[in-house]
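Peer 1: Pasting a structure below so you can have a look.
The values are calculated or read from the model by the stated rules, or taken from the named source; none is laboratory data. Owing to the predicted nature of the structure, the values given are computational and were not obtained by experimental measurement. Virtual Cβ from ideal backbone geometry, glycine too; neighbours counted across all protein chains shown. Only protein heavy atoms, including side chains, enter the accessible area calculation; ligands, DNA and RNA are left aside. Shrake-Rupley method; radii C 1.70, N 1.55, O 1.52, S 1.80 Å.
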Amino acid sequence: MSTEPPPGSGQQPPEDDPFRKQPPSGQGSGSPYDAPYGGHGGGPPPDGGGQPPPPYPEDPLAGMPPLADSGKRTLARIIDMILVGIVVWLVTWGLGVNEYEVDGDRLDVGKSIGQSIVVAVLYVAYDTILTATWGQTLGKRLMGMRVANLDNGATPSWGTSLVRALVLWIPFAFCCACIWTAIAGGWSYFDRPYKQGLDDKAAKTVVVSTT
């Protein structure tokens, strides 16, 4: 499969879109888990009766690549944080808002707020632009994964990418960087069946492998 992502239109992907979900060969195909979606997979009922099992909704993962490994997602996030963190440091240093200052009994929080604003703008812009344009940040590209809409497998739209970035980076910038990063990203280790982080849940996306 080509790794060149489609435009981030957010509309129904065109027929020649390499990331468009492929038609499933059967109910539950494409699921990364052992049991078919719904636990039946269209087979005979478990009690041996003559009645077929009730219908189940189609697995949204059918026709998509496998879900990305959560450990690789963490490494991709670390790479992104380091890359953007270098730019943040340079910008805040140039603007003179890269540290707290204490003057007697007064804590000058002006620089802290300024630094948080710079952090929020740069991280949100980085994540939104690259996800909407390529479907992947530089960290995800290096780790062989991309973001996809859960419903159709296409590259997220600008609006979807922005929602995803805001949920991830606004709390990171203004209140609880380490804790929020661990919670939002670590959620994918325990989430089933789609291995979504909190940002994925808000934007209705998943992260899939490109390798």
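Peer 1: Counting just the residues of the range 144-155 that are under 17 Å from Lys195 (Cα atoms) and in contact with a strand residue (DSSP E or B) (Cβ under 9 Å, 6 or more places away or on another chain), which one comes out surrounded by the fewest Cβ atoms within 10 Å (Cβ to Cβ)?
Peer 2: Taking the range 144-155 first, the residues under 17 Å from Lys195 (Cα atoms) are 144-153.
From what is left, the residues that are in contact with a strand residue (DSSP E or B) (Cβ under 9 Å, 6 or more places away or on another chain) are 144-150, 153.
Working: Gly144: 15, Met145: 25, Arg146: 24, Val147: 28, Ala148: 28, Asn149: 22, Leu150: 17, Gly153: 22.
The selected residue is Gly144.
Peer 1: Let me spell it out: the conditions are (1) at pLDDT 95 or above; (2) in a helix (DSSP H, G or I); (3) in contact with a helix residue (DSSP H, G or I) (Cβ under 7 Å, 6 or more places away or on another chain), and Trp180 meets all of them except one. Which number is the exception?
Peer 2: Just one mismatch for Trp180, condition (1).
Peer 1: If you check Ala203, Ala154, which single one turns out to be touching a Pro at 6+ places or on another chain (Cβ under 8 Å) and in contact (Cβ under 8 Å) with a residue 60 or more places away in the chain?
Peer 2: Working: Ala203 fails: in contact (Cβ under 8 Å) with a residue 60 or more places away in the chain.
Among Ala203, Ala154, only Ala154 is touching a Pro at 6+ places or on another chain (Cβ under 8 Å) and in contact (Cβ under 8 Å) with a residue 60 or more places away in the chain.
Peer 1: Output the residues belonging to the range 195-209 that are surrounded by 20 or more Cβ atoms within 10 Å (Cβ to Cβ) and touching a helix residue (DSSP H, G or I) at 6+ places or on another chain (Cβ under 9 Å).
Peer 2: Going residue by residue through the range 195-209, those that are surrounded by 20 or more Cβ atoms within 10 Å (Cβ to Cβ) are 195-197, 199-200, 203, 205-208.
Across the range 195-209, the qualifying residues are Lys195, Gln196, Gly197, Asp199, Asp200, Ala203, Thr205, Val206, Val207.
Peer 1: Got a number for residues in the range 97-124 being open to solvent by 30 Å² or more (accessible area, probe 1.4 Å) and either of a type outside the set (Val, Ile, Thr) or at pLDDT 65 or above (or both)?
Peer 2: Residues of the range 97-124 that are open to solvent by 30 Å² or more (accessible area, probe 1.4 Å), as a first pass: 98-111, 113, 115, 117, 121-122.
This time we only want the ones that are either of a type outside the set (Val, Ile, Thr) or at pLDDT 65 or above (or both), so: 98-101, 103-108, 110-111, 113, 115, 117, 121-122.
Qualifying residue count for the region: 17.
Peer 1: For the subset of the range 125-143 comprising residues that are among the hydrophobic types (A, V, I, L, M, F, W, C) and surrounded by fewer than 22 Cβ atoms within 10 Å (Cβ to Cβ), which member is farthest from Ser161 (Cα to Cα)?
Peer 2: Restricting to residues being among the hydrophobic types (A, V, I, L, M, F, W, C) and surrounded by fewer than 22 Cβ atoms within 10 Å (Cβ to Cβ), the top hit is Leu142.
Peer 1: Give me a count of the residues in the range 136-173 that are of a type outside the set (Asp, Glu), more than 12 Å from the chain's Cα centre (by Cα) and not in a helix (DSSP H, G or I).
Peer 2: Summing the residues that are of a type outside the set (Asp, Glu), more than 12 Å from the chain's Cα centre (by Cα) and not in a helix (DSSP H, G or I) in the range 136-173 gives 5.
Peer 1: Taking the condition of being more than 16 Å from Gly197 (Cβ to Cβ), at pLDDT 90 or above and either open to solvent by 30 Å² or more (accessible area, probe 1.4 Å) or of a type in the set (Gly, Ala, Ser) (or both), how many residues in the range 62-78 meet it?
Peer 2: Going through the range 62-78, the residues more than 16 Å from Gly197 (Cβ to Cβ) turn out to be 62-66.
Narrowing the set further to residues that are at pLDDT 90 or above leaves 64-66.
In the following step, the residues that additionally are either open to solvent by 30 Å² or more (accessible area, probe 1.4 Å) or of a type in the set (Gly, Ala, Ser) (or both) were identified as 66.
Here the count works out to 1.
Peer 1: Now for a different question. Val147 - would you say it is of a type outside the set (D, E, K, R) and without any contact (Cβ under 8 Å) to a residue 60 or more places away in the chain? Before the answer, list the steps.
Peer 2: Numbers: of a type outside the set (D, E, K, R): yes; without any contact (Cβ under 8 Å) to a residue 60 or more places away in the chain: no.
Here the answer is no, as Val147 does not meet what is asked.
Peer 1: Looking at the range 118-135, is at least one residue more than 19 Å from Trp180 (Cα to Cα) and assigned to a loop (DSSP other than H, G, I, E, B)? Break it down into steps so the answer makes sense when it comes.
Peer 2: First pass over the range 118-135, keeping only residues more than 19 Å from Trp180 (Cα to Cα): 129-135.
The next check asks that each one be assigned to a loop (DSSP other than H, G, I, E, B); those that pass are 135.
The answer is yes; a qualifying residue exists.
Peer 1: Which one is farthest from the chain's Cα centre (by Cα), of the residues in the range 183-211 that are closer than 15 Å to Arg73 by Cα and in a loop (DSSP other than H, G, I, E, B)? Steps first, please.
Peer 2: So the first thing to find is which residues in the range 183-211 are closer than 15 Å to Arg73 by Cα, and the list is 183-191, 194-200, 205-211.
Those left that are additionally in a loop (DSSP other than H, G, I, E, B): 190-191, 194-197, 210-211.
Details: Phe190: 15, Asp191: 13, Tyr194: 11, Lys195: 10, Gln196: 7, Gly197: 7, Thr210: 14, Thr211: 17 Å.
Restricting to residues being closer than 15 Å to Arg73 by Cα and in a loop (DSSP other than H, G, I, E, B), the top hit is Thr211.
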